[in-house]
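Chemist: My questions all concern the structure below.
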Amino acid sequence: MIVDIISIWFVGVPLSFISVLFFKLPIHYVIAIVFSEELIKAIVVINRYRSKKWLNNLIMN
């Protein structure tokens, strides 16, 4: 959930803002740029998955 919030507000929204107001790109390019935020999120999640920090032992020995 934290990765979603950070990626949307710190990557997706600024990229869409910049692409519309500064570069004046058409809407289909803006949508593609906003979806690129998902690629960045996927990289973060894959790194987290490979590190195995998310694993918890739920059974007491």
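The values are calculated or read from the model by the stated rules, or taken from the named source; none is laboratory data. Just so we're clear, the structure is a prediction, and the values are computed from it rather than from any experiment. Counting neighbours? That spans all protein chains shown, and the Cβs are built from the backbone with ideal geometry, glycine included. We work out accessible area using only protein heavy atoms, side chains counted, and drop any ligands, DNA or RNA first. Shrake-Rupley method; radii C 1.70, N 1.55, O 1.52, S 1.80 Å.
Chemist: Name the residues of region 7-31 whose amide N is less than 19 Å from a point 7 angstrom out from the Cα of residue 48 along the C-beta direction?
Modeler: Flagged as within label range: 7-13.
Chemist: Just want to confirm a number: the relative contact order over region 1-57, from Cα pairs under 8 angstrom separated by 6+ residues, in percent. Could the numbers behind the result be given before it?
Modeler: Values: 28 pairs, mean separation 22.5, N = 57.
That works out to 40 percent.
Chemist: Given [x] 4.0; [y] 4.5; [z] 5.1 as candidate values of mean projected area of the Cα convex hull in nm², which corresponds to the one derived from the coordinates?
Modeler: The listed entry that was calculated here is [z].
Chemist: For residue 31 and residue 57, calculate 0.36 nm times their separation in residues minus their Cα-Cα distance, and state this gained length in nm to one decimal. Write down the numbers at each step before the final one.
Modeler: On the way: separation 26, 0.36 × 26 = 9.36 nm, distance 4.08 nm.
Stretched out fully, the residue 31 to residue 57 stretch lengthens by 5.3 nm.
Chemist: Of all the accessible heavy-atom surface of the chain, with the other protein chains kept in place and a 1.4 Å probe, what percent is carbon and sulfur?
Modeler: 74
Chemist: Quick one: accessible area per residue over the chain, 1.4 Å probe, rounded to a whole number of Å²?
Modeler: 90
Chemist: While we're on this one: Counting Lys +1, Arg +1, Asp -1, Glu -1, what net charge surrounds residue 2 among other residues with beta carbon under 13 Å of its beta carbon?
Modeler: +1
Chemist: Which value at 222 nm does the chain reach when only helices count, each DSSP H run of 4 or more adding -39,500 (n - 2.57), with the total divided by all residues and rounded to the nearest 500 deg cm²/dmol?
Modeler: -21000 deg cm²/dmol
Chemist: Cβ under 14 Å from residue 45's Cβ, residue 45 left aside: what net charge do those residues give with Lys, Arg +1 and Asp, Glu -1?
Modeler: Once positives and negatives cancel, what remains is +2.
Chemist: While we're on this one: Straight-line reach only, C-alpha to C-alpha below 20 angstrom: list the aspartates and glutamates that residue 53 could link to, leaving out same-chain residues fewer than 8 apart.
Modeler: Result set, ordered by chain and number: 4.
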